[in-house]
Amino acid sequence: MTNKNYDVAIIGSGPGGYVAAIKLAQLGLKTVIIEKENLGGVCLNWGCIPTKALLRTAEIMRYVKNSEDYGIKCSPPKINWSNIIARSRKIAVQLAQGIKYLMQKNNVDVVNGYGRFLNKNNIEVTKGQKKEIITAKNIIIATGAKAKFLKGLTPSDSPLIHGYRESLVMKKQPKNLLVIGSGAIGIEFASFLNEMGTNVTVLEIAERIMINEDEEISAYMQKSLEKQGISIYTSAKIDTFTLSKHSAEFVFFDKGNKSVKKSFDTIISAVGVNANIDDIGLKNTNIQLVDKKYIKTFKYNQTDEENIYAIGDVTAPPWLAHKASREAIICAEAIAGKKPSFVLHKNNIPSCTYAHPQVASVGLTEASAIKIYHQKELNIGIFPLLANSKAVALGDSEGFIKTIYHKKTGELIGAHLIGNEVTEIISSLLVAKTAEVTEFDILNTIFPHPTLSESLHESTLNAIGQGMHF
């Protein structure tokens, strides 16, 4: 058994782990990453990236099917399912190779294997019969999370049941799909497969889909998805289910407590994630958990063990790749003895869903803002993309922009966007919110015309009752 010594060891190489490794190396610390699978973690290999590749295919399909609206007649499109999946996997592999290059460029060691704590400074790494000990002054836990499943509805119960991993490598396209859960993962898969011609049903236990989004966004999204042909049941409760070799029979109650019976050939579970904390040796440290669900952290993402830090999906929500990357920078600078250059404010963390239409948001929802500030203290503006010239020219004017400002200070409290490429145009508001600019600054910014981003300006105008184009 070999033993290697480092300044910092990182368990996990997702968008938290590999970013921390690069930053630590840049700060002059001898760093190692321990990774049991592929560099890049779930996000790059089984989440953010490959799903966006699939959604790009859905976007192309949508344009082809509607090509006559643009004066072009196309033959009916034919789907090559294996090629669609292969393209998605190829992109993931390509980017994983990019992470490998970045590790080499920054002189970060990579040890392949499963890491478990022996104590606060030593990690045993196992790969097959081979074992080695990694010793480090400081350690970062970036083990991420795995898909959560309902009892009796796991991939081991039936090959018909998929989490996000299995969904990305399906050998054939489903004919009748059930998606359980309506967060970003569930809605993205529902949107993709519906566009490809699958009959899609979404079950959501909550009173509305995308429960963490603004209520108007949720309502608009459900109406849009249903118009596209997706069946959605909210306040739903599964009564019984029967799994056979080729089909799954479900009986569930809808919002009106009416019993509904449907048959599916594929089920995607998108009911959330569980932090990867079960088998990493935490019992050999003083690290504490919150509700036995995720690692408790303090300032700079330090745990109860002062030399061990935790970042990303293994810690408190929101469970987002870009949050993990920012936490990586913060704790890397803290470990290096520097005052972190950035403070993570939860209300400045954006959330994006890449379905059709796209959804992007940051800050408080309207309901939350009213609870905190009261209606009379707020300026709320909505601008429909139907009134945006670029959106109309693109042939995709579905959606709207909502901005929420504090009436007295002009602070941007929240922004909620739904429509074409809103996951890109929200960045302007993210910069504004982070820089603490006011509605006055946005009103005095010249937005280029014609652009989708003009809608941010128009929404702000409407918030103070000075709307020009709606």
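For segment 61-111, a crude dipole built from +1 on the beta carbon of Lys and Arg and -1 on the beta carbon of Asp and Glu, taken about the Cα centre, is about 140 debye to the nearest 20. Dividing the summed -39500 (n - 2.57) terms of all DSSP H runs of n ≥ 4 by the residue count of the chain sets its mean residue ellipticity at 222 nm at -9500 deg cm²/dmol.
Straight-distance candidates among the aspartates and glutamates for linking to LYS175, with alpha-carbon spacing under 19 Å and chain neighbours fewer than 8 residues away dropped: GLU166, GLU188, GLU195, GLU226, GLU249, ASP265. Projected onto its three principal axes, the C-alpha set of segment 125-265 covers 58, 40, 29 Å, listed from the longest axis down.
Cα centroid separation, segment 55-82 to segment 399-470: 33 Å. Note on LYS402, LYS258: ascending count of other Cβ atoms within 10 Å places them as LYS258, LYS402, the fewest first. Distance from the Cα centroid of segment 340-385 to that of segment 245-311 is 25 Å (rounded to whole angstrom). Modelled spin-label separation between LEU394 and SER263, with each label point placed 7 Å from Cα along the Cα-to-Cβ direction: 4.1 nm.
With neighbour counts taken as other beta-carbon atoms within 10 Å, the residues HIS356, HIS469, HIS246, HIS416 rank, fewest first, as HIS246, HIS469, HIS356, HIS416.
Identify, among LEU153, ILE140, ASN176, the residue whose Cα sits farthest towards the positive end of the charge dipole of segment 136-215, taking +1 on the Cβ of Lys and Arg and -1 on the Cβ of Asp and Glu, with the dipole about the Cα centre. Farthest towards the positive end: ILE140. Stokes-Einstein diffusion for segment 66-202, with the hydrodynamic radius set to the Kirkwood value over Cα pairs and evaluated at 37 °C in a medium of 0.692 mPa s, equals 170 µm²/s.
According to the square roots a ≥ b ≥ c of the eigenvalues of the Cα gyration tensor, what is the shape class of segment 357-463, taking rounded for a/c under 1.5, prolate for a/b larger than b/c otherwise, and oblate for the remainder? Judged from the Cα gyration tensor, segment 357-463 comes out prolate (a/c at least 1.5, a/b above b/c). Sorting TRP81, TRP319 from the fewest to the most surrounding beta carbons within 10 angstrom yields TRP81, TRP319. Shape index of the chain: Rg/Rh, with Rg the Cα radius of gyration and Rh the Kirkwood radius from the inverse mean 1/r over Cα pairs, equals 0.98.
Quick check: from the Cα gyration tensor, does segment 137-191 come out rounded (a/c under 1.5), prolate or oblate?
Because a/c hits 1.5 or more and a/b exceeds b/c, segment 137-191 counts as prolate.
The amide H of ASP304, built 1.01 Å from its N in the peptide plane, has GLN288 as neighbours under 5 Å, considering only residues 5 or more places off or on other chains.
Students often get this wrong: which residues of segment 193-217 have the backbone nitrogen under 18 Å from the point 7 angstrom along Cα-to-C-beta of PHE470? In segment 193-217, the label zone of PHE470 (backbone N under 18 Å from the point 7 Å along Cα→Cβ) covers 214-217. With q set to 0.20 Å⁻¹, the log10 of I(q)/I(0) for segment 201-312, from the Debye formula over equal scatterers at the Cα positions, is -1.01. Taking the Cα centre of the chain as reference, the dipole from Cβ charges on Lys and Arg (+1) and Asp and Glu (-1) amounts to some 1380 debye. Subtracting the Cα-Cα distance of PHE342 and THR135 from 0.36 nm times their residue separation leaves 71.6 nm of extension gain.
Coordinate-derived values only; no laboratory data. Since the model is a prediction, treat every value here as computed from it, not as a measurement. When we count neighbours, we look across all protein chains shown, and the Cβ atoms used for this are built from the backbone with ideal geometry, even at glycine.
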